[in-house]
Amino acid sequence: MADNLDRIAQHLQEAILEGYSQKFRDEFLSPKNIGELEHADSHIRITCPCGDTIEMWLVIEDGKLSDIRFLTDGCGATITCASYVTGAAKGKTIEEALRIRPEDVDDYFEGLPDEHKHCAKLAVMTLTAAIEKYQAQVSE
């Protein structure tokens, strides 16, 4: 029975990921930077019109994003895009991180399906908002 359930699960996983690039599949199966940061320099929560929400925490040291984490209630594509965006931003300067665009996410994953392009936008929008919140706090 366990073997049968494993085959069913494998079949479902393959069906869900059909049409996605190998890079997307790899990120989907092993997302990074999930979780909260207790002593973050910035925290933001953004909800997309589709209803998906991403929360993001940043730690900034010497002008660089030394740590970054996220949580989401969104679909697998939202998790995957947020994982990629946080990984791309980690270790970058604030200016470098602000240059990350939804098109970069789409390009990295060799094209997201149209119905999931908003997931890349939400991930980048959340990163940008968290950085802008940090910048506003330090300029006060």
The simple spin-label model distance between Asp104 and Ile16, using points 7 Å out along Cα→Cβ, in nm, is 2.8 nm
On the formula 1/(1 + (r/R0)^6), with r taken between the Cβ atoms of Arg45 and Arg7 and R0 of 30 Å, the FRET efficiency rounded to 0.05 is 0.15
Once both label points are put 7 Å beyond Cα along the C-beta direction, the Ile34-Lys133 separation in nm becomes 2.1 nm
In Å, the C-alpha Rg and Dmax of the chain are 16.2, 62
The relative contact order of the chain, taking Cα pairs under 8 Å that sit 6 or more residues apart, comes to a percentage of 25 percent
Per the helix-only model, the chain has a calculated mean residue ellipticity at 222 nm (DSSP H runs of ≥4, -39500 (n - 2.57) each, divided over all residues, rounded to the nearest 500) of -16000 deg cm²/dmol
Square roots of five times the C-alpha gyration tensor eigenvalues of region 66-113, ordered largest first and given in whole Å, equal 19, 15, 7
For Lys117, the lysines lying under 27 Å Cα to Cα, once residues fewer than eight places off in the same chain are dropped, come out as Lys23, Lys32, Lys90, Lys92, Lys133
Once amide hydrogens are built 1.01 Å from N within the peptide plane, the residues lying 5 or more places from Asp41 or on another chain with amide H under 5 Å from its amide H are Leu58, Val59, Ile60
Excluding ligands, DNA and RNA, the carbon-plus-sulfur percentage of the accessible area of the chain with a 1.4 Å probe reads 49 percent
Expressed per residue, the solvent accessible area of region 97-140 in Å² (1.4 Å probe) is about 55 Å²
Glu115 and Lys23 label points (each 7 Å along its Cα→Cβ direction) are spaced in nm at 2.3 nm
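The values are calculated or read from the model by the stated rules, or taken from the named source; none is laboratory data. Since the structure is predicted, the reported quantities are computational estimates derived from the model, not experimental observations. Ideal geometry is used to build each Cβ from the backbone, glycine not excepted, and the neighbour counts take in all protein chains shown. Ligands, DNA and RNA are stripped out before the accessible areas are found, and what is left, the full protein with its side chains, is counted by its heavy atoms. Shrake-Rupley method; radii C 1.70, N 1.55, O 1.52, S 1.80 Å.
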